[in-house]
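Take a look at the structure set out below.
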């Protein structure tokens, strides 16, 4: 499945209607975010991961970034059963991301 673009209008619906959602808070000008992009895409396309993947552009959705205390990007937040369950900041390779998500 392709990653979803999350905005204030669809965020709550996506988070609450999927058992586990991985959200990438990012910006186009951020170098580590651009490095993380293909890693997030791999996770979204991996059927074994069993997660829904969304992306929040912090420049376009400042209120969502503030709501979840995003101070640095990329920030990856895992939501489980509609609630924030884990958070990591910074680039990580695919295997590390997959392990982080699977442990939540």
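Where a number appears in this text, it was derived from the coordinates with a stated rule and is not lab data. Given the structure is predicted, the values throughout are model-derived calculations rather than measurements. Glycine also receives a Cβ, built like all others from the backbone with ideal geometry; neighbour counts cover every protein chain displayed.
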Next item on the list: Name every residue in region 1-10 that is surrounded by 14 or more Cβ atoms within 10 Å (Cβ to Cβ) and within 22 Å of residue 104 (Cβ to Cβ), in order of residue number.
Entry: 3, 4, 6
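Residue-wise test of (1) in contact (Cβ under 8 Å) with a residue 40 or more places away in the chain; (2) in contact with a helix residue (DSSP H, G or I) (Cβ under 8 Å, 6 or more places away or on another chain); (3) over 20 Å from residue 96 (Cα atoms).
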residue	(1), (2), (3)
4	yes, yes, yes
8	yes, yes, yes
14	yes, no, yes
22	yes, yes, no
30	yes, no, yes
39	yes, yes, no
Notebook entry, point to check: What residue, of 60, 13, is assigned to a loop (DSSP other than H, G, I, E, B) and loosely packed, with under 15 Cβ neighbours inside 10 Å?
Noted result: 60
Notebook entry, point to check: Can you name the condition, by its number, that residue 47 falls short on among (1) closer than 21 Å to residue 91 by Cβ; (2) assigned to a loop (DSSP other than H, G, I, E, B)?
Noted result: (1)
Note to self: Just to be sure I understand, how many residues within region 65-80 are surrounded by fewer than 19 Cβ atoms within 10 Å (Cβ to Cβ) and either part of a loop (DSSP other than H, G, I, E, B) or in contact with a helix residue (DSSP H, G or I) (Cβ under 8 Å, 6 or more places away or on another chain) (or both)?
What the structure shows: 4
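Between 89, 53, 22, which is farther than 19 Å from residue 5 by Cβ, in contact with a strand residue (DSSP E or B) (Cβ under 9 Å, 6 or more places away or on another chain) and surrounded by 14 or more Cβ atoms within 10 Å (Cβ to Cβ)?
Values: 53 fails: farther than 19 Å from residue 5 by Cβ; 22 fails: farther than 19 Å from residue 5 by Cβ.
From the options 89, 53, 22, the qualifying one is 89.
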Item checked: Scope region 25-42; condition part of a helix (DSSP H, G or I) and crowded, with 19+ Cβ neighbours inside 10 Å; matching residues -> 33, 36, 39, 40
